[in-house]
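Values quoted throughout were computed directly from the atomic coordinates according to the rules given, and no laboratory measurement underlies them. These numbers come from a predicted model, not from an experiment. Cβ placement follows ideal geometry from the backbone for every residue including glycine, while neighbour counts extend to all protein chains displayed.
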Amino acid sequence: MKMICRLLIVSLMFLSFHSTAGMIGTDQVVAATPQSDRANIQNLLSRAEIANQLQSLGVDVNAAKDRVAAMTDDEARSLAGKLHSAPAGAGDDGWWIAAIVVAVIAIWWFWARK
């Protein structure tokens, strides 16, 4: 135990971590505008696998691109945020299965204690 503590102290002395802060440039601020959000969405719609999936769902890719172009800045920002945070190939509706399993285990545990 003492050896591990000594090793950690020595490693923290020699492997210190530094963080820095600085000014951001105008080009970085401009890159974060809704126009870049809209361009990111347009780029996603241009990908072949997404275009194929939209067509299989009955959505015309050109109509989807026109809808993206007609979005307000807030809508484009919201959609771009959802696209980057969405899980790949999964839905978020499986939470209720875990809730049922936890409830069943809790009921069984309380019943077994009696």
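For the reader, a short list of remarks on this structure follows.
- With a Förster radius of 35 Å applied to the beta-carbon distance between Val61 and Thr20, the computed FRET efficiency rounds to 0.20.
- Projecting label points 7 angstrom from Cα along Cα→Cβ for Leu7 and Ser36 puts them 4.3 nm apart.
- Cubic angstrom per residue, convex hull over Cα atoms of region 30-82: 73 Å³
- Computed 3J(HN,Hα) for region 104-111, one whole-Hz value per residue from the Karplus formula 6.51 cos²θ - 1.76 cosθ + 1.60 where θ = phi - 60°, is 5, 5, 5, 5, 4, 5, 5, 5, glycine and proline marked x.
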